[in-house]
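One structure is given below, encoded as structure tokens.
The values are calculated or read from the model by the stated rules, or taken from the named source; none is laboratory data. All values derive from a computational prediction rather than experimental measurement. Here the Cβ positions follow ideal geometry from the backbone for every residue, glycine too, while neighbour counts run over all protein chains shown. Each accessible area value is taken on the protein alone, full model and side chains, heavy atoms only, with ligands, DNA and RNA left out. Shrake-Rupley method; radii C 1.70, N 1.55, O 1.52, S 1.80 Å.
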Amino acid sequence: MSAAPGEAVIETIGLKKTYPGKVPTPVLFGIDLRVVAGEFISIIGQSGSGKSTLLNILGALDIPTGGVVKIDGVDISTLTEDGLAVLRSEVVGFVFQAHFLLEELTCLENAVLPILIRKGEATSEELEWIRSLLVRVGLGEKLDKYPDTMSGGENQRCAIVRALANRPRIVLADEPTGNLDSHSGEEVFRLMRQMSSEVGIAFVMVTHDERLAHAADRILMIEDGLMRPVAVKPRIAA
Amino acid sequence: MTITALLPLRIRFECQLAWRHLRSGGGQTWLTIAAVASGVIIVIFIMGLIFGLQKKFTSLLTEAIPHVTVQVPEGKPIPYADIPGSKGGLSSSRSELQAPQRKNIDDWRTVLSVASEIPNVQTVSAAVSGQGFASKGANPVGVSLTGADPAEQERITPVTKNLIAGHYLGLASDEVVVDYELAQDLNVAVGDRIRITSISGVPEPLRITGIYSKGQGRGSAYVTLRTGQSMLGIGNSVNVVYVKVFDIFGADAVAERLSVLLDCEAKSWSSEFPNFVTSLQAQSASAYLISGFTLIASSFAIASVLIVSVQRKAKQIGILKSIGARSNQIMLVFLFEGLGIAVAGSVMGAIAGITVVYLLSLPKQAVGRGGGSPEAIFPLILDPLYILAAMGAASLATVLAALLPARSAAKMNPVDAMR
Ligand SMILES: Nc1ncnc2c1ncn2[C@@H]1O[C@H](COP(=O)(O)OP(=O)(O)OP(=O)(O)O)[C@@H](O)[C@H]1O
Ligand SMILES: [Mg+2]
């Protein structure tokens, strides 16, 4: 994973997506997107405009019906199911609107889960690193708590650490603050920005919160299945 | 997650997660374990009961008869039509079955030593046996005569414990023990003298020293080996060797072995009771059928619980895939869950089944039969072999039941699952 500056972590050329069905639903009509290492992008758009659809494809969770998607330089149409799984494991991290932590596992176990899935066990350094991240996001006291005993904001912070566990090159966050009050939302956002600049991980965040959107490096808007840039109002600092 | 460090890395996460699923499954986990366990209990009970009954009936049937009878038959009459060079074409060519003619076993001591070397053989005894007539004055009555050493014969066809009067052990050469029916026909009692004429010999005067009854007599008489030999005029030979085995169901194998080792005809008890053997086979078949259906039923129950559980976990499956889990990792998680249920269920079922069978075998009948100690009301037996087989079959059925939900979990589309 050599991240030469300016090199695209994810690149799409003419990405199209139409959901099949009795009446096929065309959602994305040709998206050209280039995400370079370490940058922070927010994506906005009307409900139903296809933001989640795009994010799922960028994260190799779904496949496009047209165009090219390259993740870490690899055209995902050339990959098998397991090849896509490897990308999701090693290159991409996901954060969703709901925290989606496993209720059977503690906060710490949830956060190391991606490492366990990848190679069966976590080394003591990895464990230490995850623990330090959890302390960083303010969960130092909650390591052995189960998700249902933690607050929404705490769970979402744990989910962010989980997304970082395998040191991905990019984190895709689909409305990560959507379920949180504005205070915890802002806290979660600030964390993501910090991680992005400190660890050098690119972030693509879908949000309805205009204030947060404008705190990104770039804002992109999906409209009518196409993507267009939006001027950033340089306002709140991270 | 500590002792799991012993698991191979390739399956460690899958095992750990399966374990967590089982633990957090609570009542539902116990329900599936109970389904497997009940299957195992039923199988162990059915097998224990059917095989126990079979053993009991068989030993009742065979305790008083030789298990294997070794003889050297005279050549059988051949139908005329089968004789090479015969003109054939006879519409009816029936061969009359003659009174059993036997060749003598001259080197019967060899037969005894060969037979006693065969595994499963408990005891062997040489005897002479033949037909004759017993008379006390007037009408002669048909009698089947056995000449053998009383102590040896006692272990083949017990006489002493069925004695009504007198004694059998310590029989002298001019003495005889007869069954109750023969004594009735001749109207004699212990101490009386009778005369027995064998088909090939001279009349022999004998004194009755014992009368026994087995419930259904056929007119039998026991004399010493020497007396029998001289009555049938066969010198120092015998014409039959009797074998008693430990495992009654191994008698066929012993008979086969004897036929091969010795140039003789060795017949197992089972060839004398073909209908009985057939009914045993039918019983065994139904025991296997019931067991099979029980396991199928319990695996359906398990499959349906697991299918529901996979559906409830759809979201989690989507998450796992989104953080890099491969399809067969997901499948393994649910298979290990099934395996855990299988192992826990079959072990608990075996323990409970053994306990049930053991407890049920405790109550004894109030009165023993024929002076023996009281017998169990339920003649159940526990055989480690079929307990292990029941556990194995139940585990296999459970894992197979888990296969379907596990595959559907693996195939789940992460995007749809998380919606
Ligand atoms: N699996 C699917 N099958 C058919 N249509 C779908 C499917 N998933 C999404 N759609 C449709 O595609 C369109 C885009 O959906 P998507 O979830 O990407 O929107 P979104 O921008 O994320 O909206 P929101 O802001 O409400 O989350 C919607 O019209 C939706 O109904
Ligand atoms: Mg969405």
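Express the accessible area of the stretch B:96-263 per residue in Å², computed with a 1.4 Å probe while the remaining protein chains stay in the model.
The answer is 49 Å² per residue.
In the stretch B:96-263, carbon and sulfur make up what percent of the accessible area (probe 1.4 Å)?
Taking all protein chains in place, the stretch B:96-263 shows 50 percent carbon and sulfur surface.
What does the convex hull of the Cα atoms come to per residue for the stretch A:48-178, in Å³?
114 Å³
Based on the Cβ-Cβ distance of A:S132 and B:L31, what FRET efficiency does E = 1/(1 + (r/R0)^6) give at R0 = 35 Å, to the nearest 0.05?
Approximately 0.25, to the nearest 0.05.
Taking the Cα of B:A253, stepping 7 Å toward and past its beta carbon, and measuring to each backbone N in the stretch B:37-74: which are under 16 Å?
Answer for the stretch B:37-74: B:68.
Would you kindly derive the ³J(HN,Hα) couplings of the stretch B:42-54 from the backbone phi angles with the Karplus curve 6.51 cos²θ - 1.76 cosθ + 1.60 (θ = phi - 60°), listing them in order in whole Hz, with x for Gly and Pro?
Once θ is set to phi - 60°, the couplings for the stretch B:42-54 become 4, 4, 4, 5, 4, 4, x, 6, 4, 5, x, 5, 4 Hz.
Return the average number of partner chain Cβ atoms within 10 angstrom of each residue Cβ along peptide A:116-125.
5
Taking 0.36 nm per residue of separation and subtracting the Cα-Cα distance, what length does fully extending B:A5 through B:S24 add?
Roughly 4.8 nm would be gained on extension.
Using only Cα positions of chain A, each an equal point scatterer, no hydration layer, compute I(q)/I(0) via Debye at q = 0.08, 0.15, 0.17, 0.18 Å⁻¹ and quote the log10 values to two decimals.
With one equal scatterer per Cα and no solvent, log10 I(q)/I(0) is -0.28, -1.03, -1.30, -1.43.
State the extension gain, in nm to one decimal, for the chain segment bounded by B:A376 and B:D416, taking 0.36 nm per residue of separation less the distance between their alpha-carbons.
Between B:A376 and B:D416, full extension yields an extra 8.2 nm.
Once R0 is set to 30 Å, what does the formula 1/(1 + (r/R0)^6) return for the Cβ-Cβ distance between A:D144 and A:Q97, expressed as a FRET efficiency to the nearest 0.05?
It comes to 0.70.
Placing +1 at every Lys and Arg Cβ and -1 at every Asp and Glu Cβ, with all other atoms neutral, what dipole size does the protein assembly as shown have around its Cα centre, in debye to the nearest 20?
In total the dipole reaches around 740 debye.
Before anything else, pin down the relative contact order of chain B: Cα pairs under 8 Å, at least 6 apart, normalised by residue count, whole percent.
In percent, rounded to a whole number, it is 26.
Relative contact order of the stretch B:174-235, please, whole-number percent, based on alpha carbon pairs below 8 angstrom and at least 6 residues apart.
Relative contact order, the stretch B:174-235: 47 percent.
When a/c reaches 1.5 or more, the comparison of a/b and b/c decides; with that in mind, is the stretch B:216-261 rounded, prolate or oblate per its Cα gyration tensor?
Oblate, because a/c is 1.5 or more while a/b does not exceed b/c.
Set the bar at 23 Å for Cα to Cα. Now go through A:K119/B:K321; A:K51/B:K315; A:K142/B:K411; A:K119/A:K142; B:K56/B:K214; B:K55/B:K364 and name every pair that lies beyond it.
Violating the 23 Å limit, Cα to Cα: A:K142/B:K411; A:K119/A:K142.
What shape does the protein assembly as shown take by its C-alpha gyration tensor, where a ≥ b ≥ c are the square roots of the eigenvalues and a/c under 1.5 counts as rounded, a/b above b/c as prolate, and the rest as oblate?
Taking the square roots of the gyration eigenvalues as a ≥ b ≥ c, the protein assembly as shown is prolate.
If Rh is defined by the Kirkwood formula over all Cα pairs and Rg also comes from Cα, what ratio Rg/Rh do you get for chain B?
Reported Rg/Rh, Kirkwood definition of Rh: 1.22.
Report, to the nearest 10°, how far helix A:182-195 tilts away from the longest principal axis of the Cα atoms in chain A, using its own Cα long axis and a range of 0 to 90°.
90 degrees
Note down the nm distance, to one decimal, between modelled labels 7 Å out along Cα→Cβ at B:Q131 and at A:D217.
In this crude label model, B:Q131 to A:D217 measures out at 11.3 nm.
Tell me, how many Å apart are the Cα centres for the stretch A:160-214 and for the stretch B:117-135?
Centre-to-centre distance over Cα atoms comes out at 95 Å.
Can you work out the FRET efficiency for the pair B:Q184 and B:I296, with r the C-beta to C-beta distance and R0 = 60 Å, to the nearest 0.05?
0.55
Quick one: if you stick a label point 7 Å off each Cα along the C-beta vector at A:S151 and A:Q194, how many nm between them?
1.6 nm
Can you give me the pair-distance distribution of the stretch A:120-186, C-alpha pairs, 5 Å bins, whole percents?
The percentages, shortest bin first, are 3, 16, 25, 25, 20, 8, 3, 0.
How would you classify the stretch B:179-222 from its alpha-carbon gyration tensor, with a ≥ b ≥ c the square roots of the eigenvalues: rounded for a/c under 1.5, else prolate if a/b is greater than b/c, otherwise oblate?
Judged from the Cα gyration tensor, the stretch B:179-222 comes out oblate (a/c at least 1.5, b/c at or above a/b).
Give me D for the stretch B:96-263 in µm² s⁻¹, whole number, from Stokes-Einstein with Rh from the Kirkwood sum over alpha-carbon pairs, 4 °C and 1.567 mPa s.
78 µm²/s
Can you list which of the GluC sites (Glu not before Pro) found in the stretch A:67-173 are DSSP loop residues with at most 12 other C-beta atoms within 10 Å?
Sites meeting the loop and neighbour criteria: A:E103, A:E141.
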